[in-house]
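Following: one structure in structure tokens, then a few remarks.
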Amino acid sequence: MSQTRPRYRGVFPVVPTIFDEAGELDLEGQKRCVDFMIGAGSDGLCILANFSEQFVLSDHEREVLTGAILDHVAGRVPVIVTTTHFSTRVCAERSRQAQAAGGAMVMVMPPYHGATIRVPEARIHDFFRGVSDAIGIPIMIQDAPVSGTPLSAPFLARLAREIEQVSYFKVEVPFAAAKLRELLQLGGDAIEGPWDGEEAITLMADLDAGATGAMTGGGYPDGIRQIVDAYRDGRRDEAAEAYQRWLPLINYENRQCGLLAAKALMKEGGIIACDAPRAPLAPLHPATRAGLIEVAARAGARVLRWGR
């Protein structure tokens, strides 16, 4: 497919994993979380990502969440399932399971482990080919600093040209806009989905560079939609004004709260009962949480009134 007519575009925020006070999965709270995110305008969702605290979940819990969320979404929006794993075999199996459960796409980081275990480009190429061969849905490569793996634009473009299912790229590294431009120039029609990430902190620059999707935190898809929709419709000045309006909240999430922002906003709005992360992650400091709520209220975020 041509990059100008992607299957998936728009705002696909990451769904946080909801726990109860004892640290167990709260599936009813999870469903309310998903209902809010869809009701607030998400074009699609992403589950089991880093902002979902995927690294504190057991394999069994991943399967439970995948089934429960996809069953509850019931086709209302497409769902991307993160299937990252160091092992080609395990990642391929996770991706097969995601497709069988109804996932529209899988998101995968390059193989890495800890601070030092990495593999060279040739093995990364083989890794993504192995995952692609196992499924019939698109692969989004997550190009993020957390993997500690440099992925050059020429290499990413080569993966898109040579591997069937590799066609989407979430770029959230420094100088993301420049990388997106280079990726599109080198990859052409093989790049179906150049996407923005990192809580939309670089969203306007990335849209100007050709981004057609945004994967952000899950607390205010209504705000991100205002930016992306206006830009897509050719109303760049309106998009820029919306970006300025929501940028304080985007910045507060990106720099002060990280993955805890969405759940804090959802609890404040009465959507979920507990916003605690799972240990060893620490909860937000009360002053930080208060600052987040203040900035969100000033922006008019729907999350604060959706569940009331």
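Taking LEU183 as the residue in question, decide whether it is part of a helix (DSSP H, G or I), modelled with pLDDT of 95 or more and within 16 Å of PRO138 (Cβ to Cβ).
Details: part of a helix (DSSP H, G or I): yes; modelled with pLDDT of 95 or more: yes; within 16 Å of PRO138 (Cβ to Cβ): yes.
Here the answer is yes, as LEU183 does meet what is asked.
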If you check every pair at least six apart or on different chains, which have Cβ atoms under 9 Å apart with a residue in the range 264-289 that is part of a helix (DSSP H, G or I) first and a residue that is among the polar types (S, T, N, Q) and modelled with pLDDT of 95 or more second? ALA264/THR288; THR288/GLN256
Quick one: in the range 220-264, which of the residues that are of a type in the set (Lys, Arg) and within 19 Å of GLY39 (Cα to Cα) is surrounded by the most Cβ atoms within 10 Å (Cβ to Cβ)? LYS263
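Residues are listed down the side, and each one gets a yes or a no for (1) touching a helix residue (DSSP H, G or I) at 6+ places or on another chain (Cβ under 6 Å); (2) in a loop (DSSP other than H, G, I, E, B); (3) exposed (fewer than 15 other Cβ atoms within 10 Å of the Cβ); (4) of a type in the set (Val, Ile, Thr):
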site	(1), (2), (3), (4)
GLY23	no, yes, yes, no
LYS31	yes, no, no, no
SER42	yes, yes, no, no
LEU65	no, no, no, no
LEU70	yes, no, no, no
GLY75	no, yes, yes, no
HIS85	yes, yes, no, no
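Here are some residues: GLU93, GLU53. Which one is more than 18 Å from SER132 (Cβ to Cβ), at pLDDT 95 or above and of a type in the set (D, E, K, R)? Steps first, answer last, please.
Values: GLU93 fails: more than 18 Å from SER132 (Cβ to Cβ).
Checking each option against the conditions leaves just GLU53.
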Working carefully through the options ILE18, ILE80, find the one that is buried (at least 17 other Cβ atoms within 10 Å of the Cβ), farther than 30 Å from GLY210 by Cβ and of a type outside the set (Ser, Thr, Tyr). ILE18
Just one listed residue, out of THR84, THR116, is of a type in the set (Val, Ile, Thr) and touching a residue at least 12 places away in the same chain (Cβ under 8 Å), and it is THR84
Residue count, the range 111-167 (criterion: under 15 Å from ILE191 (Cα atoms) and either part of a helix (DSSP H, G or I) or touching a His at 6+ places or on another chain (Cβ under 6 Å) (or both)): 10
Can you name the number of the only condition in (1) part of a helix (DSSP H, G or I); (2) in contact with a helix residue (DSSP H, G or I) (Cβ under 8 Å, 6 or more places away or on another chain); (3) at pLDDT 95 or above that ARG225 fails? (2)
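I'd like the full set of residues that are among the β-branched types (Val, Ile, Thr) and within 21 Å of GLN97 (Cα to Cα), limited to the range 28-80.
Of the range 28-80, the ones among the β-branched types (Val, Ile, Thr) are 34, 38, 47, 56, 64, 66, 69, 73, 77, 79-80.
Within the range 28-80, VAL34, ILE47, VAL56, VAL64, THR66, ILE69, VAL73, VAL77, VAL79, ILE80 qualify.
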From the set of residues in the range 133-155 that are closer than 24 Å to PHE55 by Cβ and either among the charged types (D, E, K, R) or over 19 Å from the mean Cα position of the chain (by Cα) (or both), which is surrounded by the fewest Cβ atoms within 10 Å (Cβ to Cβ)? PRO150
Looking at (1) within 23 Å of GLY223 (Cβ to Cβ); (2) out of contact with any Ser or Thr (no Cβ under 7 Å at 6 or more places or on another chain), which is the only condition SER52 fails? (2)
Identify, by number, the condition in (1) surrounded by fewer than 21 Cβ atoms within 10 Å (Cβ to Cβ); (2) at positive phi that LEU48 doesn't meet. (1)
Mind checking which residues of the range 161-186 are touching an Asp or Glu at 6+ places or on another chain (Cβ under 8 Å), surrounded by 21 or more Cβ atoms within 10 Å (Cβ to Cβ) and either hydrophobic (A, V, I, L, M, F, W, C) or touching a residue at least 40 places away in the same chain (Cβ under 8 Å) (or both)? SER167, TYR168, PHE169, LYS170, VAL171, ALA176, LEU180
May I ask you to list pairs of residues, at least six apart or on different chains, whose Cβ atoms are under 6 Å apart, with the first in the range 50-63 being part of a loop (DSSP other than H, G, I, E, B) and the second being buried (at least 16 other Cβ atoms within 10 Å of the Cβ) and not aliphatic (A, V, I, L, M)? GLU53/THR17
Could you tell me which residue of the range 156-192 is nearest to the chain's Cα centre (by Cα), considering only residues that are among the basic types (Lys, Arg) and closer than 27 Å to ASN254 by Cα? LYS170
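The values are calculated or read from the model by the stated rules, or taken from the named source; none is laboratory data. From a predicted model like this one, the values you see are computed outputs, not experimental measurements. Cβ coordinates were reconstructed from backbone atoms using ideal geometry, including for glycine residues, and neighbour counts include every protein chain displayed.
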